[in-house]
Each structure stands twice: as C-alpha cells, then as structure tokens.
1. Just one of (1) part of a loop (DSSP other than H, G, I, E, B); (2) modelled with pLDDT of 80 or more; (3) surrounded by fewer than 20 Cβ atoms within 10 Å (Cβ to Cβ) trips up Ala314, so point out which.
2. In the range 13-38, which residues are under 29 Å from the mean Cα position of the chain (by Cα), over 16 Å from Val120 (Cβ atoms) and either of a type in the set (A, V, I, L, M, F, W, C) or not assigned by TED's automatic domain parsing to the domain that holds Ala119 (or both)?
3. If you go through the range 407-426 one residue at a time, how many are in contact (Cβ under 8 Å) with a residue 60 or more places away in the chain and buried (at least 21 other Cβ atoms within 10 Å of the Cβ)?
4. Inspect the range 134-147 for any residue being at pLDDT 90 or above, out of contact with any Asp or Glu (no Cβ under 6 Å at 6 or more places or on another chain), within 19 Å of Thr188 (Cα to Cα) and not aliphatic (A, V, I, L, M) and give the result as yes or no.
5. Please work out which residue is surrounded by the fewest Cβ atoms within 10 Å (Cβ to Cβ), limiting yourself to the range 267-284 and to residues that are in contact with a strand residue (DSSP E or B) (Cβ under 8 Å, 6 or more places away or on another chain) and either modelled with pLDDT under 90 or assigned to a helix (DSSP H, G or I) (or both).
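The values are calculated or read from the model by the stated rules, or taken from the named source; none is laboratory data. Just so it is clear, the structure is predicted and the values come from calculations on it, not from any experiment. For neighbour counting, all protein chains shown are included, and Cβ atoms are generated from backbone atoms with ideal geometry for every residue, glycine included.
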Amino acid sequence: MTAAPKLDRSRLRAGMRVAVAVSGGADSVAMLRAMHEAAAEIGLVLSVAHVHHGIRGAEADADAEFVRELAARLGLAFVRHDVDTPAAARERKQSLEEAARGLRYAWFRALLAEGAVDAVATAHTLDDQAETVLHRLLRGAWTEGLSGIHPAIACERGAIVRPLLGARRAELSAWLRAMGQEWREDATNADTAFTRNRIRHEVLPVLAQVNPRAAEQLAHVAEIARDEESWWETELARVLPGLVLPGKPVRGGGRAVSTHPDEGSVGMELERLRGLAPALRRRVLRAAAAQLGCALNFEQTERLMAMCAASAQAAGAKKQQLAAELRAERTARELRLVRGAASADKGAALECYELPIPGEVTGLGVRLRASVAAGHEGETIPAAVLRTPRAGDRVTLKHSRGPKPLKEIFERMGVAGEERKTWPVVEWQGRIVWMRGVVLEGEGGFEVKGG
C-alpha cells in the first residue's frame, strides 16, 4: 500500500489543539487524514475548519457538506465560516483569489486570537512552494519574496503551520486513491486565465523537461532565501539605528522631525552609505523607505544607489521624485527620503487622479482607459495615478537605453512654459508608464490607452 505522506511534526506537540483547514480538495483531505492517523501518537486534539467563500454556488455548498461529513466520519468537531468574497473583492479592489485568501486568513487568526485553537494547519505542498517562488520571481520579487511559503506563521497567539510543505501533490492524491478516500475537485484550479494556474499547468511541466527536479530546486531556493532573510534582519537591526536618522539636521545640532501624521523624513550620512557593500547599501535604502511606510522597487532603489555615488559625474540627480508620496534629496552630507505632504514641490499644485486597473479616469484634459494586458488576466494590479509632472521625474522611451529627465523630453517635443506644469503623465509603482505624446516602455501587466 502507498505510504502515508510524511508530516513535519517539528511544530506539533502533545496537547496542542489544531484546526485543520479543509477545503475538500485532495491536498487538504490528505492532510486531514494524515494528521488524524498521527494524532494519537503525537497527542493532538483535532478539529476541522472550512471556509465557504460565497462563490461557485451549489458546487461550494457540496464542498462544505462533503467536509462536514468527512469530519463526522472521523469523529472530529466541524466549524464552518461563511464569507462574501465577491463583496470583499469589490470593496478592497482585489481579485477574487486575493480577497478569498485574505478572508480565510483573517478567520484563522481570529480562531487563534480567541484561544479556540493553538494552531491552524493549512495544506500547502512542495508544489505550491515551487509555484509561489516562480510566480514571485517573474514579478520581480526581492529575496524576501523568494522565501515563498513559510513553514509557520507566528501570530499574536498561536501559529499557522504547514505540515505538508515537503510533500508532493501527486504523492498525496496517490495515497488517497490507495485508501479509497474521495475528494472534491475545484474547476477553477484548471482555469489558465489565472497566472498561478498557468505556472502550474504550463510553465512548471516545461521546466520539468529541462530538470525533473525543478520543483524541488525552487523549494530549495525558498529555504535558502528564508535563512538569508533571517540573517539580514539581524544585520539590519545592528546597522540601522546609527545610520538612518529621523528628520533633518538643524543648526546647533539635533534634528527636526515633523509631527504631521502624513509626513515624515529620514536622513543617512553619505560617506557612511558609500562605505557599505552594495548589497548592504541596497538593504539600508529599502529599510529607510520602509520606515516611512514606502516600498521601493528595483528601479527606485537603483536611482538611490546612483545618488550615493562619490563623484559628481557619476552621482544621480540631487532631487528625485521616487513615487507620488516619496522623494529623495541629496545634500553635501546626507541622502534624505521625504514622505507625504512634505514631498510636494513648494509652490507647485500637484493634481492627481487615481486610475484603477482595469478602469478609466478623466482629468488634465485626457480620458484614459487602463486594461489588463494579455497574459496577466486574473492578477491583482495596483492602481496607477494620473498626475501632473514633478521635479526629478524621469521616463524611459520605448527602445531607448535608459531613463531620461522629463525636461529633456519636453525640449524634444517643443513643450515649454506653463504647458509643462499640466502635461499629463501616469505613474505606477514609482515609475512613469504613460505620457501624452510619446511612447514609453511597457506598463507591466496592463495597458493605458487614450489621450
């Protein structure tokens, strides 16, 4: 008979009350059966938790009934939680998949916070890990993103654990067939309109032709990345306090810090930044922005790296608008990051209009429509911003070698004077991706048309 899947027992202990999250699919049913077999040996008190997401109609109702009956057959308590995923997705401007995940985990954390259970177990597998790492890699994740699905998430009270993270999906279904255990199939898992499903059904099978152990190798990347991130957290905790200082220096010593809730700034001594290895310098710059509630992408970070250059010829601009809410300033001694209302140029009235993706916006004399690009259907893409230009703005023309100052583009176009101040541009994640009158590099998952 096919052997039972190996559980990671390192986070399970005698007397622990564990809610096993069961959707009805093969992975979660296999986890429930495996944990039920091991419960007496380990000393676990199990219950079954099922979320009805309010989608898929009668099919979802049948899933819930299947899980309830399975729990009863195993003699386990069953708890069902009903949510309205479509409404949450509309309210939060998320995809159904993202909204469903948020609602699930909110309930898991609530169970832990109430003290109803000590842990919630979810049925993530090695295949899920590989898909997650590859998905994040393709979207430009930093090392922390490549850490993928963590074996456990510590909550304020208890933890969410993944005891099957080392198991393969095929092993689980084979084990269930061998014991005659049925499961439910979710038709949406085969829909390749969703990026994760395309990676699962199309990309990873091709990679497996190159290396049959591609999934395992991607899982190894996640494990390495987790350890790397743990080390970096310790290193940054040592370096940051004396290097990233709040506010700006004032005459006579000390630093001035804004008390406005929507403003903030930090400063870093340039000579100290230049003395750091590039890897550490990037980490410090990103951590500094994070202290202001802003996340830097690769291009924004590299612009800051250029501003740290020692020579005037190599250094980037003295002022750069990194995002709608964040700008960088370089003085003779410091590199400063300024967030919020403080980042608006003095004397310049900035007009901004949110452009949802997909969606439309009218303003600054244009009407624009943003649509999800082919190949990115099902992804959640953050909204862009239609706005007027700011000092330090740079754009990358299609087929050009790199970003150029907006001033240079205006000169090429013959746009001068007051017209420049109201010229419409679209910013997305700190980068200008559309500008009236020119063709820029691709937007990254969506298209903007109009003008």
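1. All conditions pass for Ala314, except number (2).
2. If the condition is that a residue be under 29 Å from the mean Cα position of the chain (by Cα), over 16 Å from Val120 (Cβ atoms) and either of a type in the set (A, V, I, L, M, F, W, C) or not assigned by TED's automatic domain parsing to the domain that holds Ala119 (or both), then Ala26, Val29, Ala30 are the ones that fit.
3. The first filter runs over the range 407-426 and keeps only residues in contact (Cβ under 8 Å) with a residue 60 or more places away in the chain, leaving 421-422, 424, 426.
Cutting the leftovers down to buried (at least 21 other Cβ atoms within 10 Å of the Cβ) gives us 424, 426.
Going through the range 407-426 one residue at a time, the tally reaches 2.
4. Looking for residues that are at pLDDT 90 or above, out of contact with any Asp or Glu (no Cβ under 6 Å at 6 or more places or on another chain), within 19 Å of Thr188 (Cα to Cα) and not aliphatic (A, V, I, L, M), one finds at least one in the range 134-147, hence yes.
5. Filtering the range 267-284 down to residues in contact with a strand residue (DSSP E or B) (Cβ under 8 Å, 6 or more places away or on another chain) leaves 267-270, 273, 284.
Checking which are either modelled with pLDDT under 90 or assigned to a helix (DSSP H, G or I) (or both) leaves us with 270, 273, 284.
Numbers: Leu270: 19, Leu273: 21, Val284: 22.
Going through the qualifying residues, I end up with Leu270.
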